[in-house]
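Input: a single structure, listed below in structure tokens.
The values are calculated or read from the model by the stated rules, or taken from the named source; none is laboratory data. If you're wondering where the values come from, they're calculated on a predicted model, not measured in any experiment. Here the Cβ positions follow ideal geometry from the backbone for every residue, glycine too, while neighbour counts run over all protein chains shown.
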């Protein structure tokens, strides 16, 4: 049996960890909203600044989940944590910026191009944590609980002990981020089923 | 084990699996010099489908390929509630709608065939195709579907070509995987399909056996392969362990072999670490170019044909060892009993995947 043991939501204004609002966007700050959240984490990880918004979203979500569940970094072998992420727009937010670099600025930007694949965020999370497990990024017409239930279960049967899952809706200022951790045989958390997942997702 | 068959390919090398395999057997390449294709209007070597109208290429290829698949299985299965279509692609129909690259084409696909289930898009860089076939096997083993049709498709666009040019990753000559003088990729486009099923009866031709595959991340770099081949090493090792197979049972490896200096070196290191350096291996990129999200499906489909014909196919473009660990690269077509084949893929984001299939 699997359990949702932590979840994190980020929208345009607020960041919520396990149901508690932990940060609200300071509209007067010169920092972007994700940079504000990064600073709140008090990490030393300069690579964050090179990431596009999709990767920043997944990075912050995964760091907050770790903050809520510190044992995540120690409880499992380095290939026992799967990554299962999805969204509707793929990497469109950065795709638009890369297209601008060659259409408007007449200079295709390699640093943008490397982020024009949605699974790059999985690589960023894997690099950050030295996780060598299974990865999958899917593009779905909308948030589909069945996809996470079914494929999460498949990853667990194949040997993952935990799966970090997420819906990363990032496009032209829209932010709809839901990152959650599913673990097997946990003493805490909500049982992973359709109803609980929908409640937890909130959309 | 599940059953895999009904492989089809639409590419510059042909409109069917038969034509594509024939071209490959004749060691013909789909890569040619396309004038004014590059960012500075320079000519670029591409494997481009010339008779494909430029609007909605992605959708046209998906529909065309699935129509061909429908002739190779019991056609009633296409619309069954127990059938899922998985599309593997990196950029989909980006040229049509950059903000929503998949939904418009998939909506047309569903409507055209009357598919019962919403297709699933796997977009995991260059391992998308292998990952999608592994996902198909997993969905069936879990009892969620009886049949899964995997469609791998990517088309050449300014977006992708200019991007690879900006990384200095495009070869000035047709790509030469694993060769000493390799200098980058040649982009390609195409669409391929395989059908994975829990029953052999739906196939008009005898299927092959598909075994569980795995993926692993390098956890090293988002756009550079691991220097130790860690993710590929781990993925192949886990795939073999999962199926209780030893490396000695693999008769042939269909490698990723993009022809970039670092990718091919990484693969050579990984296969050497796996004690698989002596197993016959090729890269099909010299025929089809790098078709990104379609590559894993195209190359699996050709490898299935190699198995059916017991024929090793020359690794086009290779002439001299160009990696620090030497591999047993296939330098000419050769008859060979092929019972078990390993297919691998690696991609940006540090991802790697592998799958195994066998003659029944």
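Details
- Residues that are touching a helix residue (DSSP H, G or I) at 6+ places or on another chain (Cβ under 7 Å) and either part of a helix (DSSP H, G or I) or surrounded by fewer than 24 Cβ atoms within 10 Å (Cβ to Cβ) (or both), drawn from the range B:147-157: none
- Residues (surrounded by 12 or more Cβ atoms within 10 Å (Cβ to Cβ) and within 30 Å of residue A:157 (Cα to Cα)) located in the range A:11-41: A:17, A:18
- Among the residues of the range A:6-53, those that are part of a loop (DSSP other than H, G, I, E, B), closer than 30 Å to residue A:190 by Cα, in contact with a helix residue (DSSP H, G or I) (Cβ under 8 Å, 6 or more places away or on another chain) and in contact (Cβ under 8 Å) with a residue 40 or more places away in the chain comprise A:12, A:18.
- Among residues of the range B:16-45, those that are under 30 Å from residue B:357 (Cα atoms) and touching a residue at least 24 places away in the same chain (Cβ under 8 Å), counted: 12
- Among the residues here, residue A:117 does not qualify as closer than 24 Å to residue A:162 by Cβ and within 18 Å of the chain's Cα centre (by Cα).
- Meets criteria (crowded, with 23+ Cβ neighbours inside 10 Å and closer than 22 Å to residue B:164 by Cβ) for residue B:207: no
- Residue match in the range B:213-232 (condition: without any contact (Cβ under 8 Å) to a residue 60 or more places away in the chain, assigned to a loop (DSSP other than H, G, I, E, B) and buried (at least 18 other Cβ atoms within 10 Å of the Cβ)): yes
- Among the residues of the range B:38-52, those identified as under 23 Å from residue B:20 (Cβ atoms) and surrounded by 13 or more Cβ atoms within 10 Å (Cβ to Cβ) are B:44, B:45, B:46, B:47, B:48, B:49, B:52.
- Any hit, the range B:254-272, residues being in contact with a helix residue (DSSP H, G or I) (Cβ under 7 Å, 6 or more places away or on another chain), in contact (Cβ under 8 Å) with a residue 24 or more places away in the chain and within 14 Å of chain A (Cβ to nearest Cβ): yes
- Residue that is surrounded by the most Cβ atoms within 10 Å (Cβ to Cβ), among those in the range B:328-360 that are in a loop (DSSP other than H, G, I, E, B) and within 14 Å of chain A (Cβ to nearest Cβ): B:349
- Scanning the range A:141-155 for residues that are out of contact with any strand residue (DSSP E or B) (no Cβ under 8 Å at 6 or more places or on another chain) and in a helix (DSSP H, G or I) turns up A:145, A:146, A:149, A:150, A:154.
- Lone unmet requirement of (1) within 14 Å of chain A (Cβ to nearest Cβ); (2) at negative phi; (3) out of contact with any helix residue (DSSP H, G or I) (no Cβ under 8 Å at 6 or more places or on another chain) for residue B:143: (2)
For every residue, the table says whether it meets (1) at pLDDT 95 or above; (2) more than 8 Å from chain B (Cβ to nearest Cβ); (3) within 17 Å of residue B:121 (Cα to Cα); (4) surrounded by fewer than 23 Cβ atoms within 10 Å (Cβ to Cβ).
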| position | (1), (2), (3), (4) |
| --- | --- |
| A:131 | yes, no, no, no |
| A:139 | yes, no, yes, no |
| A:143 | yes, yes, yes, yes |
| A:160 | yes, yes, no, no |
| A:164 | yes, yes, no, no |
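- Test: residue in the range A:93-111 that is out of contact with any helix residue (DSSP H, G or I) (no Cβ under 8 Å at 6 or more places or on another chain), within 7 Å of chain B (Cβ to nearest Cβ) and surrounded by fewer than 24 Cβ atoms within 10 Å (Cβ to Cβ): yes
- Verdict on residue B:168 being assigned by TED's automatic domain parsing to the domain that holds residue B:80, more than 20 Å from residue A:147 (Cβ to Cβ) and free of Cβ contacts under 8 Å to residues at least 40 places away in the same chain: yes
- Number of positions in the range B:88-98 that are at the interface with chain A (Cβ under 9 Å from one of its Cβ atoms) and crowded, with 24+ Cβ neighbours inside 10 Å: 5
- Scanning the range B:99-124 for residues that are without any contact (Cβ under 8 Å) to a residue 60 or more places away in the chain, buried (at least 19 other Cβ atoms within 10 Å of the Cβ) and part of a loop (DSSP other than H, G, I, E, B) gives B:100, B:101, B:102, B:115, B:119.
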